[in-house]
Every structure is written in structure tokens, then in C-alpha cells.
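A short worksheet on the structure shown next.
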Amino acid sequence: MTHFDTIQKGAQQMGAVLSDETIQTLVKYLAMLEKWNKAYNLTAIRDVEQMISLHLLDSLTTLPFITGTNIIDVGTGPGLPGMVLAICYPEKQFTLLDSNGKKTRFLTQVKMELGVHNVTVANERVEKHPHQGEYDHVISRAFASLQDMIKWTLPLPKDTGNFLAMKGVYPSEEIAALPKEVDLVSVEPLNVPHVQAERHMVVMTRKG
Ligand SMILES: C[S@@+](CC[C@H](N)C(=O)[O-])C[C@H]1O[C@@H](n2cnc3c(N)ncnc32)[C@H](O)[C@@H]1O
């Protein structure tokens with residue numbers, strides 16, 4: 001099977017409707033990730049087949065949670081899940097933030113080469129990000145404990161916005177230690193085709 005077919009089949013199994021053009025752009029993004037990874041060590045996963053399941057399809061599980069139009073992915077690394085989401089949702093605006101310059105240089109190159117115009121790349125520490133109260137969603141994957149994520153990003157969502165944290169196994173201890181400034185909305189299991197490992201999305205909102 002080609003990478004195009006694997007992504008198309010995986011997306012269909014997850015109920016995600018992606019155009020051929022979107023899948024083609026995702027294939028190009030993965031090819032760039034594989035190429036840059038050899039020189040810059042952007043992700044521990046080196047095999048493209050594994051990248052499809054563990055990075056790309058895993059990122060696609062978040063599509064239904066993205067109901068707003070202005071999103072920030074904090075600690076995005078090489079664009080996971082933010083670049084994948086931006087390619088799938090060209091009409092929404094994505095800020096992809098990471099303090100690591102190698103990773104943000106890669107993202108800038110992807111933006112230019114693949115024409116992902118709805119992306120703003122931010123090379124800074126999230127605690128210093130100045131755009132407070134502007135985002136519908138503050139999303140992260142493999143970024144920090146829920147406690148640290150909230151501590152560093154608390155001012156970023158709009159009053160109507162939320163925090164979306166992608167986690168592995170049900171994070172009971174982190175949930176028990178949630179800062180008092182947020183409410184837990186839900187913890188939803190995420191299913192990635194052919195991946196056995198547990199995945200969860202933790203949805204939180206800022207209190208009043
Ligand atoms: C484990 S990686 C996860 C990357 C990506 N989200 C993924 O799922 O593959 C965590 C990323 O967070 C970034 N990071 C850690 N602390 C940060 C901070 N305070 N501000 C911005 N980025 C940070 C690191 O540079 C790293 O790229």
C-alpha cells in the first residue's frame with residue numbers, strides 16, 4: 001500500500017473525511033519530516049509507516065475537538081498535532097509554538113514548501129507568549145503535566161475557549177492534581193487504527 005492509501009484507509013476507519021488534496025499534502029509533510037529527521041533529530045520515530053500511525057493518525061484523532069477557528073498548539077515539536085490539523089482545516093488559523101529552534105525552522109520550511117498559509121510559527125517559551133485571551137483551543141500532545149500546561153497557558157484561551165491535552169493512559173494522578181483555576185470537562189478515549197496503546201483527550205476550561 002502507498003502512504004496515501006494507508007492514510008486514507010486509517011482516516012476512513014476513524015471517520016475523518018479528507019480530500020485527496022489534503023492527503024497528498026499530509027504525505028508531503030511526512031516525507032519532509034522523514035528527511036529533516038535524519039539531520040535534526042525531530043522525533044524518535046524514524047520509520048514512515050510508524051510515523052503514519054503514531055504521529056499522523058494519532059493527530060487526526062483530535063479533529064472532532066477543533067470546533068473553533070483560532071488554535072494554538074503548545075510544545076508542537078515538528079507540528080504534532082498542529083501542522084496536521086492546519087493541513088486538514090485550511091480555513092482555521094493555527095499558531096504552532098515551540099521553544100526549540102530546530103523544530104520551528106522545520107515548521108517554517110513546511111509552511112513555505114507546502115503552502116500551509118494558515119499557520120503562524122512561534123519560536124518562544126509558552127510562558128512568554130503574548131497573545132492572551134485569543135484562542136478557541138489550546139492544544140498539546142506529549143508536552144507537560146496537566147498542572148504545568150495549565151500554569152503556563154492559563155491566560156491564552158478566550159473566555160469561551162478550552163484546553164485540550166492529549167495523553168496516553170488515563171492520567172488519574174494529574175487529574176487529581178488539577179489546578180483550581182480550571183474545570184475538568186471530560187476525558188475521552190482516542191482510538192488510533194492498529195495502535196493498541198491507550199490514548200486520551202483531557203478537555204478543560206478556565207473557571208469564570
Ligand atoms: C516531547 S515533545 C512533543 C512534541 C510534539 N507535540 C509531539 O507530540 O511529538 C515536547 C516539546 O515541547 C517543547 N517545550 C517544552 N517546554 C516548552 C515551553 N515552556 N515552551 C515552549 N515549548 C516547550 C519542547 O521543545 C518539545 O519540542
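Of all residues in the range 85-103, those being outside any loop (DSSP other than H, G, I, E, B), within 14 Å of the chain's Cα centre (by Cα) and more than 8 Å from the ligand (Cβ to nearest atom) number 8. Residues in the range 161-181 that are surrounded by fewer than 20 Cβ atoms within 10 Å (Cβ to Cβ) and outside any helix (DSSP H, G or I): 9 in all.
Yes/no matrix, rows are residues, columns are (1) more than 12 Å from the chain's Cα centre (by Cα); (2) within 25 Å of ALA11 (Cβ to Cβ); (3) of a type outside the set (Asp, Glu):
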{"site": "GLN50", "(1), (2), (3)": "yes, yes, yes"}
{"site": "GLY79", "(1), (2), (3)": "no, yes, yes"}
{"site": "MET83", "(1), (2), (3)": "no, yes, yes"}
{"site": "LYS111", "(1), (2), (3)": "yes, yes, yes"}
{"site": "ALA122", "(1), (2), (3)": "yes, no, yes"}
{"site": "ARG125", "(1), (2), (3)": "yes, no, yes"}
{"site": "HIS129", "(1), (2), (3)": "yes, no, yes"}
{"site": "ARG141", "(1), (2), (3)": "no, yes, yes"}
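Within the range 194-208, the set of residues being surrounded by fewer than 15 Cβ atoms within 10 Å (Cβ to Cβ), touching a residue at least 12 places away in the same chain (Cβ under 8 Å) and not aliphatic (A, V, I, L, M) comprises HIS194, GLU198, LYS207.
Annotation note: of THR6, THR2, THR67, the sole residue that is more than 11 Å from the ligand (Cβ to nearest atom), in contact (Cβ under 8 Å) with a residue 60 or more places away in the chain and either over 23 Å from MET166 (Cα atoms) or of a type in the set (Ser, Thr, Tyr) (or both) is THR67.
ALA39 fulfils the conditions (1) assigned to a helix (DSSP H, G or I); (2) surrounded by fewer than 18 Cβ atoms within 10 Å (Cβ to Cβ); (3) hydrophobic (A, V, I, L, M, F, W, C); (4) within 14 Å of the ligand (Cβ to nearest atom) except for a single criterion, (4).
Scan the range 36-60 for residues that are more than 19 Å from GLY75 (Cα to Cα) and either touching a Gly at 6+ places or on another chain (Cβ under 9 Å) or modelled with pLDDT of 95 or more (or both) and report the count.
Total satisfying the criteria: 2.
Quick check, is PRO78 out of contact with any Gly (no Cβ under 7 Å at 6 or more places or on another chain) and buried (at least 19 other Cβ atoms within 10 Å of the Cβ)?
yes
In the range 108-126 there is at least one residue matching the filter, namely being farther than 19 Å from MET149 by Cβ, surrounded by fewer than 16 Cβ atoms within 10 Å (Cβ to Cβ) and touching a residue at least 40 places away in the same chain (Cβ under 8 Å).
GLY208 - would you say it is part of a loop (DSSP other than H, G, I, E, B), over 14 Å from the mean Cα position of the chain (by Cα) and small (Gly, Ala, Ser)?
yes
For VAL116, are the conditions met, namely being of a type in the set (Val, Ile, Thr), away from the ligand (no atom under 14 Å from the Cβ) and closer than 15 Å to LEU33 by Cβ? So VAL116 fits the description; yes. Restricted to the range 151-170, and to residues there that are within 13 Å of the ligand (Cβ to nearest atom) and of a type in the set (A, V, I, L, M, F, W, C), the residue that is nearest to VAL203 (Cα to Cα) is LEU164.
Of the residues that make up the range 151-160, is at least one part of a strand (DSSP E or B) and closer than 28 Å to ILE52 by Cα? Checked against the condition, which is being part of a strand (DSSP E or B) and closer than 28 Å to ILE52 by Cα, the range 151-160 yields no hits at all. PRO78: within 10 Å of the ligand (Cβ to nearest atom) and farther than 17 Å from ILE23 by Cβ, yes or no? Criteria met by PRO78.
The values are calculated or read from the model by the stated rules, or taken from the named source; none is laboratory data. Since the model is a prediction, treat every value here as computed from it, not as a measurement. Note: ideal-geometry Cβ built from the backbone for every residue, glycine included; neighbour counts use all protein chains shown.
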